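Report on the structure given below.
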Amino acid sequence: MFLISLLCRSLELKVRYFSSLNIACGLILLLDPFAVLDMGLHLSYLAICGCILTIHLEKNWSAYRRLWKTPVRLDENGKRLPSPRGWRLYLSPRYLAGRATSMLLLNLIVPCLTLPLSWLYFGEMSLLSLVSNLFYIPASGLLLFLTLVYLCLYPLGLFTVPLAALLSAYAAFLELPASLLSS
């Protein structure tokens, strides 16, 4: 789906995510017709549909956009100042709050869409997973980022021992709530 979207962008065509998802699914089924019985394909398809739905909700929800829109800044003479750019934009409270709201919306829509199929395939559902995703998805994203930094610095031999200790402690920290939730 991502490759089809990139191809559309490179050809300067409008990217339609549902169309590229359906084309990708069709290609998978052409290559392996028995994939229609694969529960991983069903759950992945619904999860991507949830991501696309979240994107469309964010684009069309005007009150949401106004809430996190950067206000116009004026200097002492009443002249309009340029809006923040670069790292200042990404560290601004409005930007971070907007990203947190987007993540919250995504973490509510995708599990709710996949919940009926999870119940059907596995015979059970965890209501705690809806809440625990709000913690574990950003936490695992941070773990992946730190792992990438570790892999980039490993050949140079810089900070590998303290970073490895930090990664190990962070992974142990993530295991504790997971073991409590799973019990």
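Quickly estimate the mean residue ellipticity at 222 nm for the chain, helices only: each DSSP H run with n ≥ 4 gives -39500 (n - 2.57), and the total goes over all residues, rounded to 500.
-25000 deg cm²/dmol
Got a sec to turn the phi values of the range 16-27 into Karplus ³J(HN,Hα) couplings, 6.51 cos²θ - 1.76 cosθ + 1.60 with θ = phi - 60°, whole Hz, x for Gly and Pro?
Here the 3J(HN,Hα) series is 10, 5, 5, 5, 5, 5, 5, 5, 4, 5, x, 5 Hz.
Could you give each residue of the range 173-183 its phi-based ³J(HN,Hα) in whole Hz, using Karplus coefficients 6.51, -1.76, 1.60 with θ = phi - 60°, and x for Gly or Pro?
Per residue, the Karplus-derived 3J(HN,Hα) values read 4, 6, 6, 4, x, 5, 5, 5, 5, 6, 6 Hz.
Could you look at the chain and say what percent of its accessible area is carbon and sulfur, using a 1.4 Å probe and all protein chains?
So the carbon and sulfur contribution to the accessible surface is 71 percent.
Only Cα pairs under 8 Å and at least 6 apart count here; give the relative contact order of the chain as a rounded whole percent.
15 percent
For semi-axes √(5λ) of the Cα gyration tensor in Å, which listed value, (i) 39, 18, 14; (ii) 32, 28, 21; (iii) 25, 18, 18, comes from the coordinates shown?
Checking each listed value against the structure points to (ii).
Extending each Cα 7 Å along its Cβ direction at Tyr90 and Ala35, get the distance between those two points in nm, one decimal.
The modelled label-to-label distance comes out at 3.3 nm.
Averaged per residue, what accessible surface does the chain expose to a 1.4 Å probe, in Å²?
74 Å²
The values are calculated or read from the model by the stated rules, or taken from the named source; none is laboratory data. In this text, all values refer to a predicted model and were calculated from it rather than measured experimentally. Methodologically, a virtual Cβ is constructed for each residue, glycine included, from the backbone with ideal geometry; neighbour enumeration extends over all protein chains shown. Accessible surface areas use protein heavy atoms only, side chains included; no ligands, DNA or RNA. Shrake-Rupley method; radii C 1.70, N 1.55, O 1.52, S 1.80 Å.
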